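A short worksheet on the structure shown next.
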Amino acid sequence: MILNNIKNMKKDRGFTIVELLVVIVVIGILAAITIVSYTGITQKANTTKAQSNAQSAQTVAEVFAADNGGVYPASTTDFTTGSTTTQLPAGITVIDDEAVALSSTNGSTNVTWECLTDCTDPTGGRITYFDFSTGLVSTNIVYVGNAASGSAFVFATPAIP
């Protein structure tokens with residue numbers, strides 16, 4: 001009788017292969033849902049960061065114009081050192097070279113600066129940033145000063161180091 005009880009106890013221990021497979025499949029489904037959700041959240045966060053960087057650059061450009069008689073920044077150095085009352089927060093990169101801007105803005109939180117009409121004494125400009133959700137740059141524009149959607153823009157002359 002004791003021998004039969006020991007044999008029965010051995011049969012009751014552990015999980016069957018089917019039970020283990022069911023658990024593994026459920027864990028796999030939950031992991032897939034989590035990964036897909038996380039990817040969307042990361043894209044939204046990066047887009048929000050790029051948009052915030054563009055708004056910071058807009059604020060600096062407006063203050064620069066107030067300090068300099070209505071003339072907006074003509075290069076990226078104006079964003080960092082041109083104003084006596086404000087400058088860009090650390091970690092924000094404004095790009096004013098077209099070749100660099102088009103390649104480095106895609107997939108990053110950098111923003112680009114283009115002057116209104118020319119960069120001699122600009123009366124405005126536009127700031128563009130990358131949207132990680134749509135993968136587009138051209139639709140994400142912040143207009144500054146006299147700039148509008150129909151205005152002509154040129155990339156600022158790159159600063160000489």
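The values are calculated or read from the model by the stated rules, or taken from the named source; none is laboratory data. Quick caveat, the model's predicted, so the values are computed rather than measured. All Cβ positions, glycine included, derive from the backbone under ideal geometry; neighbour counts span all protein chains shown.
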Go through the residues of the range 77-97 one by one and say whether even a single one is closer than 22 Å to Asn146 by Cα, of a type in the set (Gly, Ala, Ser), assigned to a loop (DSSP other than H, G, I, E, B) and at pLDDT below 80.
-> yes
Go through the range 118-138 residue by residue and tally those that are among the aromatic types (Phe, Trp, Tyr) and part of a strand (DSSP E or B).
-> 1
Select from the range 18-71 the residues that are within 18 Å of Val94 (Cα to Cα) and acidic (Asp, Glu) and list them in ascending order.
-> Glu62
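Please work out if Thr117 is surrounded by 21 or more Cβ atoms within 10 Å (Cβ to Cβ) and modelled with pLDDT of 70 or more. Give the derivation first.
Numbers: surrounded by 21 or more Cβ atoms within 10 Å (Cβ to Cβ): no; modelled with pLDDT of 70 or more: yes.
No: the conditions fail for Thr117.
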Exception for Asn53 within (1) of a type outside the set (Lys, Arg); (2) touching a strand residue (DSSP E or B) at 6+ places or on another chain (Cβ under 6 Å); (3) outside any helix (DSSP H, G or I) falls at (3)
